[in-house]
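What follows draws every value from the coordinates through simple rules; no lab data is involved. It should be emphasised that the depicted structure is a prediction, and the values quoted were computed from it without experimental measurement. Note that each Cβ is placed from the backbone with ideal geometry, even for glycine, and that neighbours are counted across all protein chains shown.
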Amino acid sequence: MSDLSPPCGPRWLTIIGIGEDGPEGLGEVARRLIVTAPAIFGGARHLALAASLISGEKLSWQSPFERSVDAILQRRGTPVVVLASGDPFLYGVGATLSRHVTAEEMRTIPAPSAFSLAASRLGWPLQDLATISLHGRPIDLIRPHLHPGRRIIALTSDQTGPGDLATLLAATGFGQSQLTVLEALGGPRERQRSTVAAQFDLADVDPLNVCALEIAAGEGARILPFAAGFEDALFEHDGQITKREIRAVTLSALAPRHGELLWDIGAGSGSIGIEWMLADPSLKAIAVEQSPARAARVARNASAFGVPHLAVVEGTAPGALTGLPEPDVIFLGGGGSEPGVIDAATAALKPGGRLVANAVTLEMEAVLLSEHAKRGGSLTRIEISRAEPIGGMSGWRPAMPVTQWRWTKG
């Protein structure tokens, strides 16, 4: 597909948000632009809603969607109208088209989003809510938002979405949460129904719906904290895991920043990459793991923590690193003592990129001491002791110390 290019004329592309009330909900300018447009793109539902206004060519979205984007770009410089749901720049087609069309070439006339309509029906201040789109996206994305007392508005894909959400809530200890399904908002078919998630039995749900959740946690609910260093028991693992206290220190050393990509080499359970991604929605991670069983476990953990888009590469470093997207940050938790791994990692980093490596074994510690002497950076010794029973009393039992090397590429 074409990339962004300088404007070739006036604002030839107009994106219009349309609601379930159709033309009645549009302003005069939007209606006039639809009437006079020689070409109208949109989903079948959008085109049907605006049918009484359309005199030009009607073009439904194609599959894959990129074909429609190409068709729009081929008309660059001639008037084109795109119909979208609600606010086109909130999980909408506007976000996609803006990657190919400059702001100077387009105008947008938004309508209220499904989130705005739902919040207005419920009397919920939008700024106090979590809003998330699960339309065409994994339902597991909602998991990090499940905290007692939290209000969430979730856009679903179809009529099965509310039931799927209720099932997930019940399975993770949030079955007593209140779930309100708001259907066909803004139109003549609008309907609102509420139930407790664990007792979900709503039938004949409209495919066009959003779900409003008021989260209540039962005993044993799977609540993911906001701070780094989750309890080890939250992860599925076989003992190959960066322990909680060391993980918290390691995440601090990795110092996530907006939009960065992490390579987690020797991922084990995937705990570092998972907590990295949970720090901010813009963060990405690739987990590299040589064991097929552990690689599969990383993927299961990623879904269970609400970051199913964590990429898992099964293979042995350094060979498995070939062809991966250039990282901003690298964590070496396992396999770093193997020949060529650190050289490959440091070579792959972007200028200014950061590398953090943890050593438990003497062999890996020797590697880090050598790298520190050669490249600089900083070394930290991390020692943790936990109180454990000793006979009828308690005493401190030290965990294996960890040597951590931090290095920034010049």
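Here are a few things to note about the model shown:
- Take the Cα of residue 232, go 7 Å toward its beta carbon, and the backbone nitrogen atoms of the stretch 376-403 under 18 Å from that spot belong to 382-390, 395-403.
- When the Cα positions of 85, 126, 109 are compared along the charge dipole of the chain, 109 comes out farthest toward the positive end, with charges on each C-beta of Lys, Arg, Asp and Glu.
- Restricting attention to the chain, lysine pairs at least eight places apart or on different chains and with alpha-carbon atoms under 20 angstrom apart total 5.
- Annotation for the stretch 187-252: trypsin sites (Lys or Arg not before Pro) lying in DSSP loop with at most 13 further Cβ atoms inside 10 Å of their Cβ are 189.
- Contact order normalised by residue count of the stretch 201-334, Cα under 8 Å, 6+ apart, percent: 23
- The 3J(HN,Hα) values that the Karplus relation (6.51, -1.76, 1.60; θ = phi - 60°) gives for the stretch 322-332 are, in residue order, 4, x, 6, x, 4, x, 8, 9, 10, 10, 10 Hz. Gly and Pro appear as x.
- Percent of C-alpha pairs per 5 Å bin in the stretch 229-332, short distances first: 2, 14, 27, 27, 21, 8, 1.
- Computed extension gain for residue 29 through residue 282, at 0.36 nm per residue and net of the alpha carbon distance, reaches 87.5 nm.
- Label point distance in nm, residue 21-residue 370, each placed 7 Å from Cα along Cα→Cβ: 7.2
- Percent of alpha-carbon pairs separated by more than 13 Å within the stretch 207-263: 74
- Note on residue 164 and residue 300: their simple-model spin labels are 2.1 nm apart, each label 7 Å out from Cα toward Cβ.
- Amide H contacts under 5 Å for residue 133, placed H, 5+ residues apart: 155
- Whole-Hz ³J(HN,Hα) from phi, Karplus 6.51 cos²θ - 1.76 cosθ + 1.60, for the stretch 75-91, glycine and proline x: 9, 3, x, 10, x, 9, 10, 10, 9, 9, 7, x, 8, x, 9, 10, 6
- Its relative contact order, with pairs defined as Cα atoms under 8 Å and 6+ residues apart, puts the chain at 10 percent.
- Rounded to whole numbers, the Karplus 3J(HN,Hα) couplings from phi for the stretch 278-289 are 6, 5, 6, x, 7, 7, 10, 8, 10, 9, 10, 9 Hz, using 6.51 cos²θ - 1.76 cosθ + 1.60 with θ = phi - 60°, and x at Gly and Pro.
- Placing a label point 7 Å from the Cα of residue 386 along the Cα-to-Cβ direction, the residues of the stretch 255-271 with a backbone N closer than 20 Å are 268-271.
- 20 Å binning of all Cα-Cα separations within the chain, expressed as whole percents from 0 upward: 23, 44, 29, 4, 0
- Only Cα sites of the stretch 137-287 enter the Debye sum here, all with the same form factor; the resulting log10 I(q)/I(0) across q = 0.18, 0.21 1/Å is -1.03, -1.21, listed in q order.
- Cut-off under 5 Å, modelled amide H: who pairs with residue 313 long-range: 287, 288, 289
- Cβ-placed point charges (K, R +1; D, E -1), dipole of the stretch 123-235 about Cα centre in debye, nearest 20: 180
- Dipole magnitude for the stretch 288-399: about 280 debye, using +1 per Lys or Arg Cβ and -1 per Asp or Glu Cβ, origin at the Cα centre.
- In terms of its C-alpha gyration tensor, the stretch 289-410 comes out oblate, because a/c is 1.5 or above while a/b does not outweigh b/c.
- Here the stretch 71-126 is treated with +1 on each Lys and Arg Cβ and -1 on each Asp and Glu Cβ, and its dipole about the Cα centre works out to around 100 debye.
- Helix axis angle, 161-171 relative to the chain longest principal axis, alpha carbon, degrees: 30
- In this structure the amide hydrogen of residue 82, modeled in the peptide plane, comes within under 5 Å of the amide hydrogens of 14, 15, 16, 41, none closer than 5 places in sequence on its chain.
- Out of every Cα-Cα pair that the stretch 144-219 contains, those further apart than 22 angstrom amount to 17 percent.
- Across the stretch 22-171, Cα-Cα pairs farther apart than 25 Å form 39% of the total.
- In terms of packing, defined here as the mean over residues of other Cβ atoms within 10 angstrom, the peptides 342-354, 36-48 line up highest first as 36-48, 342-354.
- Computed over the stretch 325-410: relative contact order in percent, which uses C-alpha pairs under 8 Å that are six or more apart: 33
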